[in-house]
Structure formats: C-alpha cells, structure tokens
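The values are calculated or read from the model by the stated rules, or taken from the named source; none is laboratory data. Predicted, not measured: the structure shown is a model, and the values here were computed from it. Cβ placement follows ideal geometry from the backbone for every residue including glycine, while neighbour counts extend to all protein chains displayed. Accessible surface is based on the protein model in full, side chains and every heavy atom, while ligands, DNA and RNA are left aside. Shrake-Rupley method; radii C 1.70, N 1.55, O 1.52, S 1.80 Å.
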Amino acid sequence: MKGNHWGYGKENGPDVWHKNYPVALGSRQSPIDIPHQVSHDPSLGPIVLDYDHCTSINICNNGHSVVVNFDDTDDRSVIHGGPLENPYRLSQFHFHWGGKGCDGSEHTVAGNSYASELHLVHWNAVKYKLFDHAAAAPDGLAVVGIFLETGDDHRWLHTITDAMYMVKYKGSATDFKGFNPKCLLPSSLHYWTYLGSLTTPPLHESVTWILLKEPIAVSEKQLGKFRLLQFTGEEEDQRLRMENNFRPPQPLKGRRIRSSN
Ligand SMILES: NS(=O)(=O)c1ccc(CCCCO)cc1
Ligand SMILES: [Zn+2]
C-alpha cells in the first residue's frame, strides 16, 4: 500500500488494510454476520431518533462513498435510548453497495447480504468535544445501519440519487439542504446491537452498532445511479467506477449481539 492510499481494490483493499491499520486484526471489528439466534434483551428500550430539527449541509464524494453532512454544532438532531447512555449527535450518513446485480451490504444476516447498507453516523458530544476525539473513543460513536434491498423505487431516495451527478468525482461536493434522513427509515425500529468499529480505515473500535432488522426497498435503477459515482478524481487518468465499497464480515471474537424485542 506504499503511497496508494487504502481503497477497495486488489492492491489496497480490506485484506491489506491491517498493514497500515493493525487494529484491523483487533477484537471488536466491524462489520459482522448476525447469526440466526441472537439473545433477546428485554432491558433494551426503543431507539429514538430526534431528527425534526436536523440541518443537512452538503453531499460529497470522498473517494470511498457518497456522504451527506449535517450541522452537528448543537443537539438539533440526536439519537438516544436503546443501548445508549447518552444522546449522540447526527454527523453524516453514507452508503456501501455492490456491483450491478451484486450485493454490497457490510453486515450480513445469517450469511445473507443485502444490495446496500446505509450508515447514519452519530457521536457522543456529551463526553467528547470533537467528532474526531469521539471517533477514537470506545463509547464515542453510534452508527445506525439500515439494509437496502432491491424492489420498488424508494419514494425519497431520488433526492439523493438526483444529486449524484453533481458529485461524480472524488473530492466534489454540492449544497444539499433540507434533507431529513427520517424519510429513509423502515416502518419498524426493531434492531440488533453490538460493540464494533468503523468499517473503513482508521477502523477505530469506537462504534456502538444499531442495525435495523427491517430493510428498506430501493429500485435497481436507483442503485444503478450510485454506480455512476467514481472512486477517482476528475483530473486522474484512471476512471474507477465507485462500487463494491464494502468490507466483508469480521470475526465475532466472543462478542455478544443483543436483539431489541
Ligand atoms: N462505515 S462507518 O459507518 O463505520 C464509518 C463512519 C465514519 C467514518 C469516518 C471516521 C473518521 C475518523 O476520524 C468511517 C467509517
Ligand atoms: Zn459506513
């Protein structure tokens, strides 16, 4: 991986991330496979997403995914409840997906992948001053994972896919105001939760994962628009289509996965 930064290719993909990020071989890495039997924990309350005053800022292509960033300078959009001791502030959301007709989720359920996975990234601003401090702390982040399966058009996803032609190349960004990710939630907020990590470098073991059991449906056409994005910048000779930007499941290493009701 000399010089050529981490990515999802043969030379710089998940199998070699450990060379620059040794925590890749750690004891609480993500994603994982969610097995059939998960212990139900009646003490686990509902997860609450207070996004009514959320402020989206822009949508950008960071060379690894397409990301919608939020104003997280105050507690205007937080999640709380469930396994969380504090409220966690919404910072950004992004996606992971596969190639045409291939699955691209990061977490798998009883060995099965979904077409894509949406991550709503939140940080513990009660205990940490900055996102990057929280991102390196064991109780710093809470990521809500939502599975996407192919089916009917998603009524609201078009606002995101329509903006993608503006952020085709790595390093591009455009205004993206007034988007409330509540419209991307499934009808049920039942979830699995476990302690894990960022699924991309720096792979910090700082994430309380909250995976919603119910997937949302998006059309193959909508997913196809994700694949118009490129890993590479406008000025680069190589034109690498952004797809298969997912890390495969990692060893559970004795961790407990809990299920809300
Ligand atoms: N795929 S993920 O939700 O685990 C995720 C979320 C956020 C980051 C950015 C970490 C920046 C550390 O300074 C990286 C990965
Ligand atoms: Zn992610």
>> Looking at region 95-104, can you tell me whether even one residue there is open to solvent by 10 Å² or more (accessible area, probe 1.4 Å), away from ligand 1 (no atom under 16 Å from the Cβ) and either part of a strand (DSSP E or B) or closer than 21 Å to Ser259 by Cβ (or both)?
In response: no
> Take the residues of region 1-51 that are over 28 Å from Pro83 (Cβ atoms) and of a type in the set (Gly, Ala, Ser): which is farthest from the chain's Cα centre (by Cα)?
Replying inline: Gly3
>> Give all pairs with beta carbons closer than 7 Å in which a residue from region 136-156 that is within 16 Å of ligand 2 (Cβ to nearest atom) meets a residue that is in a strand (DSSP E or B) and among the aromatic types (Phe, Trp, Tyr); count only pairs at least 6 apart in sequence or on separate chains.
In response: Gly140/Trp123; Leu141/Trp123; Ala142/Tyr88; Val143/Trp209; Gly145/Trp209
> Of all the residues that make up region 245-261, how many are in contact with a strand residue (DSSP E or B) (Cβ under 6 Å, 6 or more places away or on another chain) and either without any contact (Cβ under 8 Å) to a residue 24 or more places away in the chain or assigned to a loop (DSSP other than H, G, I, E, B) (or both)?
Replying inline: 6
> Any idea which of Asn124, Asn86 is more than 19 Å from Phe179 (Cβ to Cβ), in contact with a helix residue (DSSP H, G or I) (Cβ under 6 Å, 6 or more places away or on another chain), open to solvent by less than 50 Å² (accessible area, probe 1.4 Å) and more than 16 Å from ligand 2 (Cβ to nearest atom)?
Replying inline: Asn124
>> Could you check region 106-134 and list, in sequence order, the residues that are in contact with a Leu (Cβ under 9 Å, 6 or more places away or on another chain) and touching a residue at least 40 places away in the same chain (Cβ under 8 Å)?
In response: His107, Val109, Tyr114, Ala115, Ser116, Glu117, Leu118, Leu120, His122, Trp123, Phe131, Ala134
> Quick one: how many residues across region 105-121 are within 14 Å of ligand 2 (Cβ to nearest atom) and either closer than 22 Å to Leu228 by Cβ or assigned to a loop (DSSP other than H, G, I, E, B) (or both)?
Replying inline: 8
> Which of the residues spanning region 50-76 are open to solvent by 10 Å² or more (accessible area, probe 1.4 Å), away from ligand 2 (no atom under 16 Å from the Cβ) and touching a residue at least 40 places away in the same chain (Cβ under 8 Å)?
Replying inline: Asp52, Cys54, Thr55, Ile57, Asn58, Asp72, Asp75
